[in-house]
Structures are given as structure tokens and as C-alpha cells.
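What follows is one structure encoded as C-alpha cells, with my remarks underneath.
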Amino acid sequence: MAERLITNRILLRRWQESDREPFRALNADARVMEFFPALLTPEESDQAITRVELHFERYGFGFYAAELIETGKFIGFIGLNVPAFDAAFMPAVEIGWRLAYEQWGRGLATEGASAVVRSAWEDVRLTHLVSFTTAANFRSRRVMEKIGMIHDSASDFEHPNLPEGHPMRPHVLYRITSQANAK
């Protein structure tokens, strides 16, 4: 996958030391983390960056840091990941995103995710992508639909990293297939 992707408004790039502080703030924002089991501590946010960079080294792709071209400001991440849990739909590559609350409602997640899908097909030559979230996360589900993903209700699942009975354990699964690469 390319070292960076550029859209009309976003630079998707590898992580920099200067991303740590705004990433910590993003993960400590209850609005951003509404559909996650907990806010992340600064240490957990730093560990997440380390995991993303190791993922890039291992697979050649990962979650890009997202930066607004106009301001140069870090706004979150958008990219690809191999989930680290077992589920019926695995093995798979997921597309995911997390943006700062101030950036919501501007179409940035859709814009960046669309560029990542194109790169997944053209650069990485993947044939399928998945995305998943809690059933109530309609904002992310709408992004999934806008980038052409289809809800595969037969593959909805209980997230194995959450305890039974946890309200966020039920997850919906969305899929998209590259018509060119699937042949």
C-alpha cells in the first residue's frame, strides 16, 4: 500500500511523533468513544500507535494517520487492519476509521475511506474488505454504506473480546468485494 494517500481534503500518512497528543485526546473523548467499551488512557493510545506501525511493517498496510490538508492538523485515522480475534468471517481485512468529534458531519470519513478502498483494490490487490461496529453505531454504518459496503446480517456476530451480556457485544458486519480482483 502507498506510504500516503491524498484526497481533496485529507492526507492519509504514516504516524508521526506529533500525532501522539491529539490521538490521546481523541481516545479520551467520550463522544468519539461512545461505541467502544472504555476511553483509552494516554498509555493505551501510545500502545495503539505502536501496534499500527508494527501492522504496517508486517502486512504493508494499516490505519493511516489522517491530516487535514488545509491546516496540517491531525484528525484521526482511516485505513486497513487485520483483526486480532477469531470470528466466523475471519480471515479478513477490515477497513476502519476514528475521527475527532470536531470533524464529524463533513464527509471526511467517507472521503478517506473511499480512497483506502481504491488503494486496497489497486495497490494491495485485495478482493474483499469487511467493516464492523456495534449495531447502534449508525454514523459508522452510514459511512460503510456510502463507500459501497453491504450489511451481511447473516454474519453479524458477538465480539469475542467483550464479555457475554455486554451491551456492545452484538456487532454488525458489512462487506465489499472488488469486482476486478475477485475474478
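The values are calculated or read from the model by the stated rules, or taken from the named source; none is laboratory data. Note that the coordinates shown come from a computational prediction; the quantities given were computed from them, not determined experimentally. Heads up, the Cβs are rebuilt from the backbone with ideal geometry, glycines too, and the neighbour counts pull from every protein chain shown. Heads up: the accessible areas ignore ligands, DNA and RNA and are worked out on the full protein's heavy atoms, side chains in. Shrake-Rupley method; radii C 1.70, N 1.55, O 1.52, S 1.80 Å.
Across segment 10-64, what is the total count of residues that are of a type in the set (S, T, Y) and surrounded by 14 or more Cβ atoms within 10 Å (Cβ to Cβ)?
3
Restricting segment 125-156 to residues that are in contact with an Asp or Glu (Cβ under 9 Å, 6 or more places away or on another chain) and farther than 17 Å from V32 by Cα leaves a set whose member that is surrounded by the most Cβ atoms within 10 Å (Cβ to Cβ) is L129. Write out, first by first residue and then by second, each pair whose Cβ atoms fall under 7 Å of each other, whose residues are 6+ apart or on separate chains, and whose first residue, in segment 139-166, is in contact (Cβ under 8 Å) with a residue 60 or more places away in the chain while the second is surrounded by fewer than 13 Cβ atoms within 10 Å (Cβ to Cβ). Final answer for the pair search is S155/A88; F157/A88; P160/F85; P160/D86; N161/F85.
Looking at segment 71-82, is at least one residue farther than 16 Å from S18 by Cα and of a type in the set (S, T, Y)? No, there is no match, as no residue in segment 71-82 is farther than 16 Å from S18 by Cα and of a type in the set (S, T, Y).
Applying the criterion of being open to solvent by less than 40 Å² (accessible area, probe 1.4 Å) and either outside any strand (DSSP E or B) or in contact with a Ser or Thr (Cβ under 8 Å, 6 or more places away or on another chain) (or both) to the residues of segment 73-89, the residue that is nearest to L5 (Cα to Cα) is F74. Yes or no: segment 19-27 includes at least one residue that is under 21 Å from L162 (Cα atoms), out of contact with any Pro (no Cβ under 6 Å at 6 or more places or on another chain) and assigned to a helix (DSSP H, G or I). The answer is yes; a qualifying residue exists.
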